[in-house]
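S.K.: Here it is: the structure, laid out below.
Any read-out appearing in this document is the output of simple, stated calculations on the displayed coordinates, not a laboratory observation. Values in this document were obtained by computation on a predicted structure and should not be read as measured data. Neighbour counts are summed over all protein chains in view; Cβ atoms, including those assigned to glycine, are modelled from backbone coordinates with ideal geometry.
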Amino acid sequence: MADIGNYQAPADVGRWRTIALGAGGIALAVWAVGAYLNPEQGLRSWLLGFIFWGGIGIGSIGILLLQYLTGGAWGVVIRRPAEAGAATMPVIALLFVPLALGITRLYEWTHLAPTEHIMEHRGWFMTPTSWILRAVIYFIVFGAMAYLLRKWGDLQDKTTNYEDAEKYLGRATAFSGPAMVFYALTVTFASVDWVMTLDPHYFSTIWGLLFVAGWALSCFCFFAAVLAYLSDKAPLDRVLGRRHFHDIGKLMLALVMVWAYFNFSQFLIIWSGNIPEETIWFQARMYNGWGYVAWALILFHFAAPFLVLLLQDLKRRAKTLALVAIFILFMRVVDMFWLISPTPRISTHGATLGLIDSFSWMDIVAPIAVGGIWLWYFFGQLMKRPLVPVMDPFLEKAVEHGHGH
């Protein structure tokens, strides 16, 4: 049996866990004061943090399913961080509670008349009870996937030979095919409920794919940063190589392009269709200062990362790739802010606000609060198990691949 103790997380992870909890706790207290004074803005800011950090946790499930389906050295070295991210589902569900309790203070559709055409058309589907019930189902589906994938990983580590280890690997691979379909559907329904219904009159058939790709991009960027920090520390200093980061960088590049393609497709189809219910959503994000944010996303969420990630040598340098990844993560927050903040508000009777009027200091504090709590739990899960799947039959070849030319 492999020596699992030689692959435990270094002490630095424990220190980062403490820092995350401290920062998250202080930010949570500050946010609570602001949310008490302005509940709607407080919940909007909390939703921003939840969608970003919760998206990394939910996206980790998708990354696990993908790496089991496709194989490759990148999947072996990224599996344990992805499992730790997927294991944060309990705390993600807990962080969702303020949104569930404050649904009537956050979503304008809860104040629309029953005779409103959109409410008549959607019926019971567009009620707080149905919305909360669906959220429970989403968390059950995500939680079951995360539990099974992590369980098979634990059982693989406890095996004493590669034949038994391969059995659990095959079980996870067979599960990942159909599970990926349910994962994409669940992400679609969840993203529609949690974000798109902020504007009850808007609809987009590509909305779910925007979040499937966006959350996957957030995951790869986050894991690139974590692995780069651990790459020169035992035990990963003898595991990770330049080609591992090159592979992760290529996946980041691919998802940057996919994110841009999905967004452009959505804009092009709605622009050509010219249907008022759809075009109003984009008009709100093109004027009153929001157009500058849109251009920033085009330039710094797509164009700049696309050009930088084309450089092969850059993708092979762990620390440099980590800086690019952190920058993309910042732009991911900006993207979520652009999606959430311009939507109709209850306090303005459905009117939208310009960029300056929409931005609140809670849009900074709430993501720090959510992120601090989420990172505290993530680092705790990362410390519980070896940083690599020590009994995976392909681990040795994955390590050799990473140190190749």
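S.K.: What's the angle, to the nearest 10 degrees (0 to 90), between helix 39-70's Cα axis and the longest principal axis of the chain?
M.R.: 40 degrees
S.K.: Neighbour counts of other C-beta atoms within 10 Å: give me TRP259, TRP131 arranged from fewest to most. Kindly include the intermediate steps, with their values, before the conclusion.
M.R.: Values: TRP259 23, TRP131 19.
The order, fewest Cβ neighbours first, is TRP131, TRP259.
S.K.: Where the Cα atoms of the chain are projected onto their three principal axes, how long is each span, largest first, in whole Å?
M.R.: The Cα atoms of the chain stretch 66, 42, 41 Å along the principal axes, largest first.
S.K.: Another question, if that's okay. Viscosity 0.692 mPa s, temperature 37 °C: what is the translational diffusion coefficient of the stretch 249-372 from Stokes-Einstein with a Kirkwood Rh over Cα pairs, rounded to a whole number of µm²/s?
M.R.: Numbers: Rh = 16.2 Å.
The Stokes-Einstein estimate is 202 µm²/s.
S.K.: Gap in Å between the Cα centre of the stretch 124-166 and the Cα centre of the stretch 13-89?
M.R.: 17 Å
S.K.: HN-Hα J couplings of the stretch 327-344 from phi, Karplus 6.51/-1.76/1.60, θ = phi - 60°, integer Hz, Gly and Pro as x?
M.R.: Karplus-based 3J(HN,Hα) across the stretch 327-344 equals 5, 5, 4, 4, 5, 5, 5, 4, 4, 5, 4, 5, 6, 8, 5, x, 6, x Hz.
S.K.: Provide VAL256, VAL239, VAL77 in ascending order of the number of other Cβ atoms located within 10 Å of each residue's Cβ, fewest first.
M.R.: Ordered by Cβ neighbours within 10 Å, fewest first: VAL239, VAL256, VAL77.
S.K.: Would you mind calculating the gained length between VAL334 and LYS319 on full extension (0.36 nm times residue separation, minus the Cα-Cα distance), in nm to one decimal?
M.R.: On the way: separation 15, 0.36 × 15 = 5.40 nm, distance 2.31 nm.
Result for the pair: 3.1 nm of gain on full extension.
S.K.: Would any residue of the stretch 140-169 have its amide N under 20 Å from a label point 7 Å out along Cα→Cβ of ALA184? List them or say none.
M.R.: Answer for this model: 141-143, 145-146.
S.K.: Follow-up. Which whole-Hz couplings ³J(HN,Hα) result when phi for each residue of the stretch 377-385 is put into the Karplus expression 6.51 cos²θ - 1.76 cosθ + 1.60, θ = phi - 60°, listed in order with x for Gly and Pro?
M.R.: Running phi through 6.51 cos²θ - 1.76 cosθ + 1.60 with θ = phi - 60° gives 6, 4, 5, x, 5, 5, 7, 6, 9 Hz.
S.K.: Here's something else I'd like to know. Starting at the first residue of the stretch 264-276, write each ³J(HN,Hα) from the Karplus equation 6.51 cos²θ - 1.76 cosθ + 1.60 with θ = phi - 60°, in whole Hz, x for Gly and Pro.
M.R.: Taking θ as phi minus 60°, the curve returns 5, 4, 4, 5, 5, 5, 5, 4, 6, x, 6, 8, x Hz for the stretch 264-276.
S.K.: Additional query: Number of Lys pairs in the chain with C-alpha atoms less than 18 angstrom apart, excluding same-chain neighbours closer than eight positions?
M.R.: On the way: LYS151/LYS167; LYS151/LYS384; LYS158/LYS167; LYS158/LYS384; LYS233/LYS319; LYS233/LYS384; LYS250/LYS315; LYS250/LYS319.
Qualifying lysine pairs in the chain: 8.
S.K.: If each residue of separation counts as 0.36 nm, what is the full-extension length gain between THR70 and MET383 once their alpha-carbon separation is subtracted?
M.R.: On the way: separation 313, 0.36 × 313 = 112.68 nm, distance 2.65 nm.
Computed gain between THR70 and MET383 is 110.0 nm.
S.K.: Also, I was wondering about something else. Determine, for ARG79, ARG242, the number of other Cβ atoms within 10 Å of each Cβ, and report the residues in order from fewest to most. Working shown, then result.
M.R.: Values: ARG79 23, ARG242 17.
Ascending Cβ contact count within 10 Å gives the list ARG242, ARG79.
S.K.: Based on the Cα coordinates of the stretch 43-193, what is the per residue volume of their convex hull in Å³?
M.R.: Working: hull volume 16.3 nm³, N = 151.
That works out to 108 Å³ per residue.
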